[in-house]
Amino acid sequence: MFALNAFITLPLFRIEYTTEMGSIEAAFIGLAGYILRHFPDFNWFPLWYGGIPYQDSYPPLLHFAVAGVAALLRIPPALAYHALTAALYALAPVALLWAARRLGAGLTAAFGAGLLYSLASPACWLVRDLRLTSFGWFGPRRLMTLVRFGEGPHLASLLLLPVALAFLHMALEKRRPVYYAAATLSMVGVALTNWIGALTLALAVACYLLAGFPNVLSRGLRAAIMAGWAYAISMPWLPPSTIATVRANAPLVGGKFIVDAAHWWAFIALAEGLALATLLLRRWIAAPSLRFALLFLGSMAAIGLGSSWFHFSLVPQPERYNLEVDLAVCLVAALAASSIRVSRPRVAVAVLLLVAVPIMMHERRIAWRMEKPIDVSTTIEYQESRWLGEHLPGRRVFAPGTIAYWMDTFSETPLLNGGFDNGQRNTLLPAVVYEIYFGDKQDVALGWLRAFGCEAVAGGGPHSREAYHPYRVPEKFSGLPELWRSGDDVIYALPHRRASLAHAVVLADLPPITPPPYDTSSLKPYLNALDNPDLPPADFRWLGQSAATISADLHPEDLLSVQVTWDAGWRAHVNGAPRRTWADKLGQMVVAPQCSGPCTVDLVYTGGREMRLARWISGLALALGILWVVLGSIPRKPSGAPILRKPEENTPGPARL
């Protein structure tokens, strides 16, 4: 099964960059490179959205794995990413086969379901638009998701999801510490890989508990304990603040998702439908595993197919859950087909492989057309990123579309936008970025860019080589000084008095209100203060990824406006004495140095009490779990008292045998 899938996507094991430069894989490759360069400083991430806590950049498991492969094999992060995700792609049907076997499927049926998952997308058969964009009835949709769209973490979660479900079933059946630990760590793996996978896992566990396995209350309690244990372990990377950030941003990514009365009725209908299906399935189907698979399929179909058929979204970005529909269909197929007796299983497997060969060759041709290498130095993403890294090192810029995605792969240039919009801590930024892209007023765009500390903006005309062309009125930047040009792609300089992210201001200079994105009139006092020669200059310098220092000759009433996203985890000190920090109306940091004359302010991001508590809880959960598994694995000595048996228990006979 692994060899068949690896054969389809063989070129990906040796390609550093593909022609699919519009893929979001750029952000993931950049994160893996960042890990290699800055290990182990992962408190603050200064490269996206004016700075965010590192755990908000993306669930980190795949990026750490890519960085580990790159370090171990001494290969570039891009090559490590493609090779590792290709291996995970090939392993996903193997995981499905193994999970189906653990849930009670026969080997032949499980192998057939693995082939189905490898070579077909049932969702494509059910949704015309998916079929048209996936090269037909037997297009390699999983591979398209990996290569063309770049969703490596999503594909990785589809590998870990059936593993977690299988270990969960084994733990609840066998009740051994090692299986409890394996199930818990598998859940951790899913949650730390992809948010869609985490939600799918939660729904799958709920369907498992509804399926009517024996001792459902005991199973539910033990499953809840494992889920709590899994969250405790993963808490440093998924603290409550990160969950709240993603929950707030997800409805605004890829459209505007609003939960209204219709959604609440839909949620109620889904819950009632699952309850009714549970009652009917218990009457008609004896096998609890098959009941679980059908309930899981129903919940995934309600999200994915419901969006495609009825244009109604139960969750944000529901169309992405059609990959989970494929997984659920194949799991149902494996468990349902197990009731069919096959007299010659080897012959059946041979027939399945014979039928699979032409489909496999068809998908291989499509895959090899997608997986073409490219000389990345010829791309606009590489050229602009490298120029900015060499000529404006460490200076914040605004870059559109794919240039922003690839920026941190080719240089460490901080961006006002970034590669994972779900992770923005500053709630004002999405509206500001939207205005910069779609607004037509130069003064409004320049006001926002200056207010957030940008020193350059990358523009692009109608013939730009950037893939998405997000600027509705790209000529609004015309007239600004040009720093670099290649055809319709230009880097413009933004006016500023001093290249720094810290500025001395007085309280009256700070924005009094949060301005609407289309009107920057209330920003004028603040923008004027940035250019006021009567205010002392302030030098801002990063000491690492999570620490900085500011030097200025200040008056006692002066404040420091720091154009870095404020977070409760920031701490400021002057000569070792703590100083107050707070958020202004733009969501950026303000420091009250309370000093006269030459002053040095030290800034350190620690994550605050939330992260300290999360690390303690995680360490304690891991230590107690290891201790429990070790102690539970020690064989117990039998008691010294002999076991007395009734005479008939030792009597041999057909019934006793």
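List of remarks:
- Rounded to the nearest 20 debye, the dipole magnitude of the range 502-609 is 440 debye, with +1 charges on Lys and Arg beta carbons, -1 on Asp and Glu beta carbons, and the Cα centre as origin.
- Cβ-based net charge around residue 403, under 9 Å, with every Lys or Arg adding one and every Asp or Glu removing one: -4
- About its Cα centre, the dipole of the range 375-508 is roughly 500 debye, where the only charges are +1 on Lys and Arg Cβ and -1 on Asp and Glu Cβ.
- Residue-by-residue Karplus 3J(HN,Hα) for the range 573-580, coefficients 6.51, -1.76, 1.60, Hz, glycine and proline x: 9, 10, 6, x, 8, x, 10, 6
- Any cysteine of the chain lacking a neighbouring Cys Cβ under 4.7 Å - listed by number: 124, 207, 330, 454
- Ordered by the count of other Cβ atoms within 10 Å of each Cβ, fewest first, 13, 540 give 13, 540.
- Euclidean distance of C-alpha centroids, the range 376-431 and the range 212-266, integer Å: 31 Å
- Take 77-90, 275-288, 44-57 and order them by the average number of nearby Cβ atoms within 10 Å per residue, most first; the result is 44-57, 77-90, 275-288.
- Dipole orientation for the chain: of the candidates 21, 52, 207, 207 has the Cα lying most toward the positive pole (charges on Cβ; Lys, Arg +1; Asp, Glu -1).
- The shape of the range 377-493 comes out rounded: with a ≥ b ≥ c from the C-alpha gyration tensor, a/c is under 1.5.
- Cα shape, the range 129-285, gyration tensor, a/c 1.5 rule: rounded
- Note on the range 447-518: with charges restricted to the Cβ of Lys and Arg (+1) and Asp and Glu (-1), its dipole about the Cα centre is near 120 debye.
- Prolate/oblate/rounded call for the chain, Cα gyration tensor, a/c under 1.5 rounded: prolate
- Proximal charge balance of residue 119 [Cβ under 14 Å; K/R count +1, D/E count -1]: +2
- Nearest 10 degrees, 0 to 90: helix 177-191 Cα axis against the chain principal axis: 40 degrees
- The chain: angle of helix 216-234 to the longest principal axis, Cα-based, in degrees nearest 10: 30 degrees
- Of the trypsin sites (Lys or Arg not before Pro) found in the range 401-489, those that fall in a DSSP loop while having at most 15 other beta-carbon atoms within 10 Å are 441, 472.
- The count of lysine pairs in the chain that are at least 8 places apart or cross chains, and whose C-alpha atoms lie under 25 Å apart, stands at 9.
- Distance from the C-alpha centroid of the range 112-161 to that of the range 317-338: 11 Å, rounded to the whole angstrom.
- Alpha-carbon geometry of the range 458-575: the Rg and the Dmax are 17.9, 54 Å, given in that order.
- Relative to the longest principal axis of the Cα atoms of the chain, helix 25-38 runs at roughly 70 degrees.
Just so you know, all these numbers are worked out from the coordinates, no wet-lab data involved. None of the values given here were measured: they were computed from a predicted structure. Here Cβ is always computed from backbone atoms with ideal geometry, including for glycine, and neighbour counts include all displayed protein chains.
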